[in-house]
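S.K.: Before we start, here is the structure in question, set down as structure tokens.
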Amino acid sequence: MSQPYSTIVRTPKAAVAYLAVDLRTISPDTQANLSKLIGEFADLWAYKTPQQRPATLWMKDNWATEVGSSPELHLAGSSKLPHGFLHQLADHISRRVETPLRVKGHVIIEANDDWHPICHWQDGKAWSWNDLQHWSDRDQSPAAHDPSSLAIDQDVYFGDREPKHYSAQQLNTRAFKTACESGDKEDLGEHLQEQRYILGNTEAYENGNTPLHLAAAAGDLEACEALLRFVPDNVLNERQQTPLIYLADIRGKHPHGAVVSRLQSTVDFTDAKGRTALMYAARGAHVRSRLGHLTLVKALLSAGAEITTIDSDGLTALGWAKKDLSLAKPDANSEVVDYLQRHLYQVEMERFFRTHYTHHFNTKGVMQIEPVNRSSLLTALNSAKGLTDVVECPPAQPPTLPGE
């Protein structure tokens, strides 16, 4: 949004219900007073619901309707407004204009599509269009409320109040997750801006994981993109894991392809034990199902993960895929093992070929292959030291390129 109040208003991410006002059934004088009627209700709502979280009521004038239909005024609120809000607003306006109003289907609110905010609730008050344009100059005195006169059950709209015995780390983690899950577009950016000084601090969050670790593990690309404006993609948690390694370690059920692609610059980073994200994704050991995460393994390899890396225990990703499998389920991780073996074979064979052979294409389009040094080639073929897996090839014939 390009408005000066873009960080103040709340715009719903998803489609929301809207209230339709048929302008043909309302006199011009009444139409001129609609903003006043809405403002009266906004003040009443602020008085009755002092704990209303930041929310915005949006309006669209002169809706483009079907041929032959009358022009309508549409009103829709952001996600923090409760389900019954529009019905109460419809009742309030209907009594004044003496015509029934209808809450209809759903619309997407876009500020660049003729939608504009008509009022906003924050700090226990209702703010007008003018307040939003001059937000820093608004009256910031505390709102006056009489608790005995509140007619709205807060628990109906705001849910059960959370207990107050959470640690600071738990509260920070819960606040971040709430901002990510919010139905309003601006909430996450506002939260990150407020918390920008602690976003990379492992001691500030539960279990020593920064928000980027949590967002990556949840497969939340939007949150990752927002966080990367404040922290580097290789920020470490208390276990010295990057967000990508933590994602592979947790191996949740969320789609991770987009996040892996976004964090691919750290795909070969290692933790304190020299283990990469690919190793954690491939392992069957210490996992109840004894299964590696095949989809994640493929995504990491597509992002350029090095398959031959060896950790402090001397294991590659393939080694982790084969390690400590249950005797009762010896083939549990066979899909990951087979996939890694095929990929490793191709990598090693191509490396072997490029080291010991040259090739060119003749005028007939046939590839000609020649050894770089025949004696060194024979030595290499008679020794397995240069290969992770021993590949036996007849000395008289050059190896076949993968895919031939």
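Taken together, the values in this text are just the output of simple stated rules run on the coordinates, not laboratory data. If you're wondering where the values come from, they're calculated on a predicted model, not measured in any experiment. In this analysis, Cβ positions are derived from the backbone assuming ideal geometry, glycine residues included, and neighbour counts consider all displayed protein chains.
S.K.: Which order do the peptides 305-318, 46-59 come out in when sorted by mean C-beta neighbours inside 10 angstrom, highest first?
M.R.: 46-59, 305-318
S.K.: To continue, here is another question. Provide F352, F41 in ascending order of the number of other Cβ atoms located within 10 Å of each residue's Cβ, fewest first.
M.R.: F352, F41
S.K.: Straight-line reach from K298: which lysines fall under 29 Å, measuring Cα to Cα and dropping same-chain residues less than 8 apart?
M.R.: K177, K253, K273, K322, K323, K329, K385
S.K.: So for L89, L171, L344, fewest C-beta neighbours within 10 Å to most, what's the order?
M.R.: L171, L344, L89
S.K.: Here is a follow-up. Which whole-number percent is the relative contact order of the range 168-348 (Cα, under 8 Å, 6+ apart)?
M.R.: Averaging sequence separation for qualifying contacts and normalising by length gives 15 percent for the range 168-348.
S.K.: Still on this model: Which peptide among 183-194, 100-111, 203-214 comes first, and what is the full order, when sorted by highest mean count of other Cβ atoms within 10 Å?
M.R.: 203-214, 183-194, 100-111
S.K.: If you take every residue apart from L296 with its C-beta less than 12 Å away from the C-beta of L296, what net charge results, scoring Lys and Arg +1 and Asp and Glu -1?
M.R.: +3
S.K.: Principal axis lengths of the range 21-137 from Cα atoms, whole Å, largest first?
M.R.: 43, 32, 27
S.K.: Restricting things to alpha carbons, tell me how big the range 168-348 is in terms of Rg and Dmax, in Å.
M.R.: Looking at the range 168-348, its Cα Rg and Dmax stand at 17.0, 52 Å.
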